[in-house]
Amino acid sequence: MAPATLLGTTVDPASAGLVDRFGRRAIDLRVSLTERCNLRCTYCMPAAGLPFAPDDALMTAAEIERLVRIGSSRFGVRKVRFTGGEPMLRHDLVDVIARCAALPDAPELSLTTNAIGLAHRAQALYNAGLRRVNVSLDTVDPDVFTTVTRRPFLDKVIAGLSAAHDAGLDIKVNAVLLRGINDEAAPELLRWCLDRGYELRFIEQMPLDPDHAWDRTEMVTAAETRALLASSFVLTPDEAPRDGAPAERYRVQDARSGASLGTVGIIASITESFCADCTRTRLTADGNVRSCLFSDAETDVLGPMRAGVSDDDLAELWRRAMWAKPRDHGDDSDELVHPTRGMSAIGG
């Protein structure tokens, strides 16, 4: 592998961590724990569900621990977020968290979840070392929630959020706006989150549905989201450095009183791409390195690991996978790639 330029300095990819051809370094790891989910959100999964990989094809807690250790100790990974599917469906979730929190170079641990079941496990997860949850919640209207998720579980999600707060976990809420369904209620959802101390982040709908029904013309854009919120709030760009974070953060003031209410984030994955500053690397639940959310390119590390290869060999496989990371949106051209695997199979 030839040297790359990172922050103006020529670096050797064999020794500089997880760098790519464009000088980006991955220090944020997303680890999917399962492909299964107990919701059937219209933009993520068909109503009848999907065929899921069998349990013995997924990484075990010990295998996840080993890969997180390699990521943190060899590559300088500082943040790990566990995703799915729905990671709360892993019976050994607390064990996974505890193992990774006990590593010598333990990264900051967080979890993306729909919060169903979190009410009963939030304290145990915090005690194990989890420090933040990102909860997917598109609406606080029970009927709209049922329409979007095809499940009547809004009360369970709200109970999970409350339990996470009581346990001491930091909370972010992730919402996807769907035209004609929940978009006009965006100000209501933001106020609901601000009143409870949750940081809301609106995410542009991405082409990650296995049905390939995504239509860019129907997507509620970041610009439209800001316009929807302007009816009730004044948004001022946050001056804090973004540092590769996907969300553009805004300080929020009440449009009538001028009172400062908190912050909101908007993730414009499609219309205001932040690929040039990407710091992420991914592991699918079945043990594949995926350097880009949109790319179909994957590198199997679970098979070699079960075949007995060394940490050096696994690290080299991971380095090579990241070196091939595409420029943006899954490709080195200006085309937006619609990946074959859906979000539940890739991991959020």
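The values are calculated or read from the model by the stated rules, or taken from the named source; none is laboratory data. Given the structure is predicted, the values throughout are model-derived calculations rather than measurements. In this analysis, Cβ positions are derived from the backbone assuming ideal geometry, glycine residues included, and neighbour counts consider all displayed protein chains. With ligands, DNA and RNA removed, areas are computed over all heavy atoms of the protein, side chains included. Shrake-Rupley method; radii C 1.70, N 1.55, O 1.52, S 1.80 Å.
At a glance:
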item: Residue within the range 293-308 that is touching a Pro at 6+ places or on another chain (Cβ under 9 Å) and either at pLDDT 95 or above or β-branched (Val, Ile, Thr) (or both) present; result: no
item: Hits in the range 37-52 - residues which are in contact (Cβ under 8 Å) with a residue 24 or more places away in the chain and surrounded by fewer than 15 Cβ atoms within 10 Å (Cβ to Cβ); result: Pro46, Ala47
item: Every pair of residues 6+ apart whose Cβ atoms lie under 8 Å, when the first sits in the range 297-316 and is closer than 13 Å to Ala57 by Cα and in contact (Cβ under 8 Å) with a residue 60 or more places away in the chain while the second is open to solvent by 30 Å² or more (accessible area, probe 1.4 Å) and not in a helix (DSSP H, G or I); result: Leu302/Asp286
item: Near pairs, Cβ below 6 angstrom, 6+ apart or cross-chain, from the range 115-129 (more than 16 Å from Gly168 (Cβ to Cβ)) to any residue that is open to solvent by less than 20 Å² (accessible area, probe 1.4 Å); result: Gly117/Met88
item: Residue ranges of strands (runs of 3 or more DSSP E) in the range 175-292 with at least 1 members of a type in the set (Asp, Glu), open to solvent by less than 40 Å² (accessible area, probe 1.4 Å) and closer than 19 Å to Thr112 by Cα; result: 199-203
item: Any chance Ile64 is open to solvent by less than 10 Å² (accessible area, probe 1.4 Å), in a helix (DSSP H, G or I) and farther than 20 Å from Arg290 by Cβ; result: no
item: Residue satisfying condition, being under 24 Å from Arg191 (Cβ atoms) and among the hydrophobic types (A, V, I, L, M, F, W, C), within set Leu109, Leu137, Leu130, Leu103; result: Leu137
item: Number of positions in the range 87-117 that are out of contact with any helix residue (DSSP H, G or I) (no Cβ under 8 Å at 6 or more places or on another chain) and open to solvent by less than 10 Å² (accessible area, probe 1.4 Å); result: 1
item: Residue list for the range 86-113, restricted to those being farther than 22 Å from Lys156 by Cβ and among the charged types (D, E, K, R); result: Asp95, Arg99, Asp105, Glu108
item: Top-ranked residue in the range 1-37 [being in a strand (DSSP E or B), out of contact with any Pro (no Cβ under 9 Å at 6 or more places or on another chain) and among the polar types (S, T, N, Q); ranked as modelled with the highest pLDDT]; result: Thr5
item: Number of the condition not met by Ser232 [criteria: (1) farther than 24 Å from Cys44 by Cα; (2) among the small types (Gly, Ala, Ser); (3) under 21 Å from the mean Cα position of the chain (by Cα)]; result: (3)
item: Where His120 falls short, out of the listed (1) out of contact with any Phe, Trp or Tyr (no Cβ under 9 Å at 6 or more places or on another chain); (2) open to solvent by less than 30 Å² (accessible area, probe 1.4 Å); result: (2)
item: Matching option when the condition is buried (at least 16 other Cβ atoms within 10 Å of the Cβ) and either touching a Ser or Thr at 6+ places or on another chain (Cβ under 8 Å) or within 20 Å of Thr281 (Cβ to Cβ) (or both), among Arg132, Arg78; result: Arg132
